[in-house]
């Protein structure tokens with residue numbers, strides 16, 4: 001089911017008083033009323049008719065000795081506005097498989113299933129049981145049964161189905177556990193050869209899925225469905241950049257003119273992306289509506305505000321559109337809800353001396369804020385230091401200045417900033433002869449070690465090369481893997497923060513066995529060219545620059561959706577929504593049945609928390625609920641006549657858990673994701689930056705009560721955790737086996753995320769989250785008298801289950817509303 005529900009903001013602050021749960025229960029599905037006998041007979045006729053049609057199509061192919069499948073694909077639709085009980089459409093033991101579930105714009109849910117020929121009676125028995133005994137509730141939720149054709153298996157816009165002209169498509173093949181992937185691939189490719197359907201020898205592996213590429217039109221796809229019993233989905237492959245990049249000037253301008261007419265900025269909110277770079281040439285027809293002259297600045301007047309290098313204008317194209325290729329291919333109105341600000345901090349990369357970067361950054365941000373003091377702003381910077389890099393993760397003057405700016409030390413204003421991790425170059429890859437070795441050896445560049453900023457690395461989905469000059473080249477990285485251009489914190493001491501925190505599209509490298517490595521346009525991102533009047537208006541961008549621009553687009557969209565959220569919360573949502581691709585886990589966790597904590601530390605140091613998902617950040621679903629808490633505490637105190645400071649406050653949050661529903665789900669697997677985000681103030685003076693425990697003003701950690709652990713025992717356990725630093729060996733007991741990342745991996749830096757996995761019944765008892773402080777220079781530097789300082793924090797908690805028919809969202813909302821009503825009533829007495 002889609003994510004269409006607003007996230008739940010819990011306004012109640014942390015407390016220690018017991019919260020009495022309000023009873024709830026599992027929500028009955030929204031099923032249509034039926035005349036059982038008539039409806040059952042109608043569906044039986046449809047089923048038999050679909051099966052007969054399938055057999056006729058098979059016979060036609062058998063007559064000409066063409067390959068055929070051993071079963072039937074059916075498209076099963078629900079009634080408009082009602083639920084479809086999809087989980088009952090599958091029976092793995094009978095090899096009846098549910099392939100996909102979709103919901104159209106008319107609120108009609110449809111599912112595609114595959115039934116082997118020998119299991120034809122599986123569904124007929126369900127229908128007959130429904131007619132005779134009212135059993136098989138699933139049948140009452142079905143509106144129609146038809147033979148599935150290309151449209152049923154196509155994922156994405158129906159307008160993109162290649163009815164006439166062949167295009168590159170992704171074919172997702174179903175694989176049973178323990179089957180040999182290579183045998184299935186060979187069989188499918190052999191069938192493609194028989195039907196003369198071009199394919200690429202590139203593959204992506206997911207649990208129970210293989211993704212392959214074929215060049216096909218509607219007729220070819222229809223043949224594939226008839227000859228293969230393994231089709232689960234078909235998707236349009238991304239259009240290669242070279243299609244647009246190789247167009248001549250006139251043709252590019254035609255595409256741009258068409259897109260310009262579809263740009264809608266009428267709902268442009270008080271949200272901006274401030275790009276600190278080489279300037280932006282806002283006369284470009286794709287940028288003129290989102291960059292005003294008054295919002296262009298330069299830290300030095302001699303520079304001018306226009307872009308003579310091109311990098312800033314390239315960043316702008318991605319920050320506005322995220323993926324320009326997809327925008328061109330779409331025919332929809334493109335809503336742009338944010339605007340851009342530009343502050344030119346250099347004429348070209350490495351234009352300034354390194355020791356000035358912290359100052360330049362602060363001044364640049366100030367220029368934008370003076371012009372527009374009251375906007376929701378994300379600051380985007382893809383400029384990094386190339387020399388004198390502290391490769392062990394220690395703060396620099398530049399990263400320290402950024403931490404200070406973002407935490408609002410001087411003015412109390414917190415800020416959101418996204419910084420590129422820096423790039424591994426092709427020469428390093430060539431020297432290492434293995435791109436993974438190259439990126440491991442290339443440390444995140446200064447100021448990417450800033451604790452409060454989001455540092456952005458790169459991954460890639462770019463694997464399609466169609467440029468004639470690169471015909472013999474192959475993509476170096478697999479689809480979904482980290483980009484060969486990214487940098488990592490693998491070489492850092494493990495006490496320093498996880499960097500990068502997230503990864504986004506950074507492009508790929510083309511490789512030839514004899515010619516080596518190359519930067520092919522097809523493996524880069526299309527964007528706006530600063531020389532649009534003299535040259536082609538479109539060009540390309542790649543590496544962590546494009547990734548950082550994409551990250552700023554996500555941040556702006558979160559700020560537009562929830563304009564009142566703190567910067568710390570926006571940062572938390574971006575990290576919270578991120579996940580690792582299957583290829584990342586395959587390459588780094590190496591398909592281990594039970595990866596170790598060290599394996600996950602390596603995954604974090606290379607990929608961060610994965611690829612952020614805007615939909616998961618801003619929307620909840622019935623079975624996946626995001627809860628947001630914003631609070632602050634006073635971590636330290638000074639006793640009368642005492643010279644030292646002591647620990648002071650900790651917060652306990654009792655979440656509005658749908659306990660009855662979770663208990664009803666029993667042994668069903670569920671997941672809880674927790675992310676804690678806060679800003680630290682950097683320790684004043686260079687000496688403080690040599691020691692982790694002195695650099696942050698204060699640290700915060702979270703813990704969750706174990707199943708069967710009540711509030712009193714939980715409080716007693718956590719109070720023992722109030723130690724001088726989080727690396728003390730007397731760690732508190734915890735159900736650590738259920739946490740994916742683990743305490744030692746998550747308790748570093750100023751953003752902490754972990755994933756709890758277990759059964760629903762176990763999670764029903766774990767609804768208490770504690771936030772408590774660990775020491776920092778606020779406590780140890782008593783002469784600075786910071787014991788009364790408060791620290792803000794954002795806490796995001798998601799509870800989710802794969803059971804799509806479970807409504808956790810309504811139960812949680814009801815609990816919150818009921819508690820609010822009780823509180824309001826008591827206060828009125």
Can you compute the modelled spin-label distance between residue 182 and residue 137, with each label point 7 Å from Cα toward Cβ, in nm? 4.7
Pop a pseudo-label 7 angstrom from the Cα along the beta-carbon direction at both residue 810 and residue 6 and give the gap in nm to one decimal. 1.9
Extension gain from residue 13 to residue 472, taking 0.36 nm per residue of separation minus the Cα-Cα distance: 159.2 nm
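When the Kirkwood radius is taken over all Cα pairs of the stretch 447-505, what Stokes-Einstein diffusion coefficient follows at 25 °C and 0.890 mPa s, in µm²/s? Can you show the working numbers first?
Numbers: Rh = 13.3 Å.
Calculated translational D: 184 µm²/s.
Calculated from DSSP H runs of 4 or more alone, at -39500 (n - 2.57) each and per residue, what is the 222 nm mean residue ellipticity of the chain, nearest 500? Each step should come with its number before you reach the end.
Details: 25 runs with 252 residues, N = 829.
For the chain, the value works out to -9000 deg cm²/dmol.
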Rounded to the nearest 0.05, what FRET efficiency is calculated for residue 190 and residue 155 with R0 set to 35 Å and r the Cβ-Cβ distance? 0.90
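In what sequence, highest mean first, do 330-341, 803-814, 499-510 appear when ranked by Cβ atoms within 10 angstrom? Could the numbers behind the result be given before it?
On the way: 330-341: 17.3, 803-814: 19.8, 499-510: 28.1.
Peptide ranking by packing, descending: 499-510, 803-814, 330-341.
What length, rounded to one decimal in nm, is gained on full extension from residue 515 through to residue 430, with 0.36 nm per residue of separation minus their alpha-carbon distance? Don't skip to the answer; put the middle values down first.
Numbers: separation 85, 0.36 × 85 = 30.60 nm, distance 1.10 nm.
Gain in length upon complete extension: 29.5 nm.
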Relative contact order of the stretch 242-601, defined on C-alpha pairs under 8 angstrom at six or more residues apart (%): 20
Over the stretch 36-148, what is the mean sequence separation of C-alpha contacts under 8 Å (at least six apart), divided by residue count, expressed as relative contact order in percent? 39
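Can you put 164, 129 in order of Cβ neighbours within 10 angstrom, beginning with the fewest?
Numbers: 164 8, 129 14.
Ordered by Cβ neighbours within 10 Å, fewest first: 164, 129.
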Stretchable slack from residue 534 to residue 264, in nm (0.36 nm times residue separation minus alpha-carbon distance): 94.5 nm
Calculate the spin-label point distance for residue 335 paired with residue 668, positioning each point 7 Å from the Cα along the beta-carbon direction, and give it in nanometres. 3.2
Ranked by Cβ crowding within 10 angstrom, fewest neighbours first, how are 714, 149 ordered? 149, 714
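Readers should treat all values here as calculations from the given coordinates under stated rules, not as data from a laboratory. Not measured: the values here are computed from a predicted model. When we count neighbours, we look across all protein chains shown, and the Cβ atoms used for this are built from the backbone with ideal geometry, even at glycine.
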